[in-house]
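Undergrad: Have a look at this one.
The values are calculated or read from the model by the stated rules, or taken from the named source; none is laboratory data. What you see is a predicted model, and the numbers here were worked out from it, not measured in a lab. Using ideal geometry, Cβ is built from the backbone for each residue, glycine included, and neighbour counts are taken over all protein chains shown.
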Amino acid sequence: MKKLLGIVVLGLLLVSNVYGETVDQKRNYYIYNNLSMDYNACQHYFLIMSEALKTNDSDPAKVKNFVDSSKLASQLAFSYGVDAGLTNEAMLARSKILINEMLKSINNDFTNMSVLFLEYGEFCKSLIDTPEIRNQYWINKAFEKYK
């Protein structure tokens, strides 16, 4: 009986190791999920800014810069989302939520863009210009959370 119990316990331990997430896997999911969210937010910030600039007959070079930044952020958000194991549906839902929140914060009126600029402007510029800083931020957070 003791032998059978020992085999069952050993079997459960082996199964949990095979099917359970390791600490490294949890860290990676956490890092990639959060980076995906950051880039997703900036993707939509840049896109909304480009649309706002278009309505004000702004400099086409500035509009292009925001569109290009939006495309880059979109690619990175998707890539990190895939690495985090997110489905396309989950990433699309996340995008819809972010867009709705951003448009609500400006009352669907581009004249209120300063609200978004204050919340996302410096953050998103930094995320594109120096991504390693934000990457390291999430790596540090992951190591704090999953020891």
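Undergrad: Among residues belonging to region 40-88 that are part of a helix (DSSP H, G or I) and charged (D, E, K, R), point out the one that is farthest from THR130 (Cα to Cα).
TA: Looking at residues that are part of a helix (DSSP H, G or I) and charged (D, E, K, R), I get LYS54.
Undergrad: Against the condition loosely packed, with under 14 Cβ neighbours inside 10 Å, assigned to a helix (DSSP H, G or I) and basic (Lys, Arg), how does LYS141 come out, does it pass?
TA: Judged against the criteria, LYS141 is not a match.
Undergrad: Further question on the same structure: List every residue pair whose Cβ atoms lie under 6 Å apart, where the two residues are 6 or more positions apart in sequence or sit on different chains, the first residue falls within region 17-44 and is at pLDDT 95 or above, and the second residue, located anywhere, is of a type in the set (D, E, K, R) and assigned to a helix (DSSP H, G or I).
TA: What qualifies is TYR32/ASP83; ASN40/ARG94.
Undergrad: Next up: If ASN56 passes every condition in (1) surrounded by fewer than 17 Cβ atoms within 10 Å (Cβ to Cβ); (2) under 24 Å from the mean Cα position of the chain (by Cα); (3) modelled with pLDDT under 95 but one, which one does it miss?
TA: Result: ASN56 fails condition (2) only.
Undergrad: Would you be able to say whether some residue in region 133-147 is free of Cβ contacts under 8 Å to residues at least 60 places away in the same chain and aromatic (Phe, Trp, Tyr)?
TA: Taking every residue of region 133-147 in turn, at least one turns out to be free of Cβ contacts under 8 Å to residues at least 60 places away in the same chain and aromatic (Phe, Trp, Tyr).
Undergrad: Out of all the residues in region 59-102, which are surrounded by 16 or more Cβ atoms within 10 Å (Cβ to Cβ) and touching a Gly at 6+ places or on another chain (Cβ under 9 Å)?
TA: Once the filter is applied, which keeps residues that are surrounded by 16 or more Cβ atoms within 10 Å (Cβ to Cβ) and touching a Gly at 6+ places or on another chain (Cβ under 9 Å), region 59-102 yields MET91, ARG94.
Undergrad: Taking region 93-147 as the search range and keeping residues that are among the basic types (Lys, Arg) and more than 16 Å from the chain's Cα centre (by Cα), which one is farthest from MET37 (Cα to Cα)?
TA: Only one residue fits best here, namely LYS147.
Undergrad: Please go through region 22-37 and pick out each residue that is in a helix (DSSP H, G or I) and of a type outside the set (Phe, Trp, Tyr).
TA: VAL23, ASP24, GLN25, LYS26, ARG27, ASN28, ILE31, ASN33, ASN34, LEU35, SER36, MET37
Undergrad: So which residues in region 89-117 are on the phi > 0 side of the Ramachandran plot and part of a helix (DSSP H, G or I), if there are any at all?
TA: Those that are on the phi > 0 side of the Ramachandran plot and part of a helix (DSSP H, G or I): none in region 89-117.
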